[in-house]
Amino acid sequence: MNGHPLTHTLDVEKLRADFPVLKREVRPGVPLIYLDSTATTQKPLSVIQAMDDYYSTYNANVHRGVHTLAEEATAAYEAARVRVCDFIHAPTPKGIIFTRNTTESINLVAQTWGRQNLQEDDLVILTEMEHHSNLVPWQILAAEKGIRLEFITITPDGLLELDVYQKLLEQMPKLVAFTHMSNVLGTINPAKEIVRMAHEAGAVTLIDGAQSVPHFPVDVQDLDVEFLAFSGHKICGPTGIGVLYGKVNLLNEMPPFLGGGEMIKRVLLRSFVPNEIPHKFEAGTPAIAETVGLHAALDYVAGVGMEKIALHEQEIIAYTLERLEEVPGLHVLGPEASKKGGVAAFTFEGVHPHDVAQVLDRSGIAVRAGHHCAMPLHEKFNIPATTRASFYFYNTFEEVDHLIEGLYNVKQYFG
Ligand SMILES: Cc1ncc(COP(=O)(O)O)c(C=O)c1O
């Protein structure tokens, strides 16, 4: 346990010991302070070992063989689907589709459900705080089919303007697609309320859960959302594995996304009969080791406890915002701590975000600088870029103290 008086929800030091990379020194004598978990999280040994075990002892292709290894690999792959189903409280594993990441999951919905169900002039409602991966797929569809895009605006402190949303709903949108938690502002949106309002207007809903599923409990049945997307690598899992949850009645009606092996029941020279869900959407050999890794990752975070993870991040962001206020010339984007997750994106008067990140790196502090794949959001605030420190359950209050010291160094350096 570290010595900071506020650290009480989790035994962070004990958890940190599970993450080999967190023992690393960036340079001799300079320990890593990893504050970039919004981009990707670090991986515990159990995830690395689960993938190693797959390759070392039962590597085989799935769904295609009767030999022992193929059966073991298939069982592990399908067990991961059941794990994901339980983790997000989905009603059936049939509604869990493995993709590469959140981006691919959203593109899948746009290219299948969207192409099938959206016609010229149909309205899709998004928000001004979306990551590019919940903007560009709809822009591509807009160019192809002439659908209209409208946006729920945000307040200066980064909250959705629900009265604007209410007004937009009068236009009877076909789809409302929004981020559960902003990767820049940290804002946690009232997802259940947004879905409820969309349903009253007859719209289908999609939640970008890239930043919610890893950071607090998410229950798709309670949310009643039609589609939810998230990435394995942001929840202690490997890269290359993502999830799309969908309600089975919609998934059953949707055409396939990619064509090839696995997604078919029967193929003739000029036609095919698609497979049942979820296989209909999983063409080709999937990322088997990564799926096994995702299973181990969900076991790991569930073992830590999603409520505890959320609470720890709540404490750490409250402390971070309080400490950042001390630093002259620093402005944090987004709402007060109680309305956000563990993300602090900020501008620093007179210093370019890339310079901030570079000077912090000298002290081993890994933060991100840029537009964080949310260019329209930055444009809204009239800034080209921000520096972003982001947190997970393995971050300590001492690391926040180092960040603050590092920022004073930046100030001195460019002062
Ligand atoms: C809110 C949000 N949506 C979508 C994504 C895209 O995730 P991926 O690159 O894993 O597809 C991210 C990644 O940072 C994100 O933060």
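Evaluate region 343-350: report whether one residue or more is of a type in the set (Val, Ile, Thr), within 25 Å of His131 (Cα to Cα), in contact (Cβ under 8 Å) with a residue 12 or more places away in the chain and in contact with a helix residue (DSSP H, G or I) (Cβ under 7 Å, 6 or more places away or on another chain).
Here is the first cut: in region 343-350, the residues of a type in the set (Val, Ile, Thr) are 343, 347.
Checking the rest, the ones that are also within 25 Å of His131 (Cα to Cα) come to 343, 347.
Restricting the remaining residues to those that are in contact (Cβ under 8 Å) with a residue 12 or more places away in the chain gives 343, 347.
Of the ones still in play, those that are also in contact with a helix residue (DSSP H, G or I) (Cβ under 7 Å, 6 or more places away or on another chain) are none.
No, every residue in region 343-350 fails to be of a type in the set (Val, Ile, Thr), within 25 Å of His131 (Cα to Cα), in contact (Cβ under 8 Å) with a residue 12 or more places away in the chain and in contact with a helix residue (DSSP H, G or I) (Cβ under 7 Å, 6 or more places away or on another chain).
Of the numbered conditions (1) touching a residue at least 12 places away in the same chain (Cβ under 8 Å); (2) open to solvent by 40 Å² or more (accessible area, probe 1.4 Å); (3) more than 16 Å from the ligand (Cβ to nearest atom), Val66 fails exactly one; give the number of that condition.
Answer for Val66: the failing condition is (1).
Of all residues being of a type in the set (S, T, N, Q) and away from the ligand (no atom under 16 Å from the Cβ) in region 214-271, which is farthest from Val301 (Cα to Cα)? Just the residue, please.
So in region 214-271, the residues of a type in the set (S, T, N, Q) come out as 221, 231, 239, 249, 252, 271.
From what is left, the residues that are away from the ligand (no atom under 16 Å from the Cβ) are 221, 249, 252, 271.
Working: Gln221: 20, Asn249: 30, Asn252: 31, Ser271: 44 Å.
Across region 214-271, the extreme among qualifying residues is Ser271.
Could you list, in sequence order, all residues of region 89-103 that are within 16 Å of the ligand (Cβ to nearest atom) and surrounded by fewer than 22 Cβ atoms within 10 Å (Cβ to Cβ)?
Listed by number, the residues that qualify are Arg100, Asn101, Thr103.
When Ala79 is evaluated against the numbered criteria (1) within 16 Å of the ligand (Cβ to nearest atom); (2) open to solvent by 10 Å² or more (accessible area, probe 1.4 Å); (3) closer than 19 Å to Ile235 by Cα, which criterion, by number, is the only one it fails?
Only one criterion in (1) within 16 Å of the ligand (Cβ to nearest atom); (2) open to solvent by 10 Å² or more (accessible area, probe 1.4 Å); (3) closer than 19 Å to Ile235 by Cα is unmet by Ala79, namely (1).
Out of region 295-326, which residues are without any contact (Cβ under 8 Å) to a residue 60 or more places away in the chain and open to solvent by 50 Å² or more (accessible area, probe 1.4 Å)?
Gly303, Gln314, Glu322, Glu325
The values are calculated or read from the model by the stated rules, or taken from the named source; none is laboratory data. This is a predicted model, so every value here is computed, not measured. All Cβ positions, even for glycine, are placed from backbone atoms using ideal geometry, and neighbour counts span all protein chains on display. Accessible surface is based on the protein model in full, side chains and every heavy atom, while ligands, DNA and RNA are left aside. Shrake-Rupley method; radii C 1.70, N 1.55, O 1.52, S 1.80 Å.
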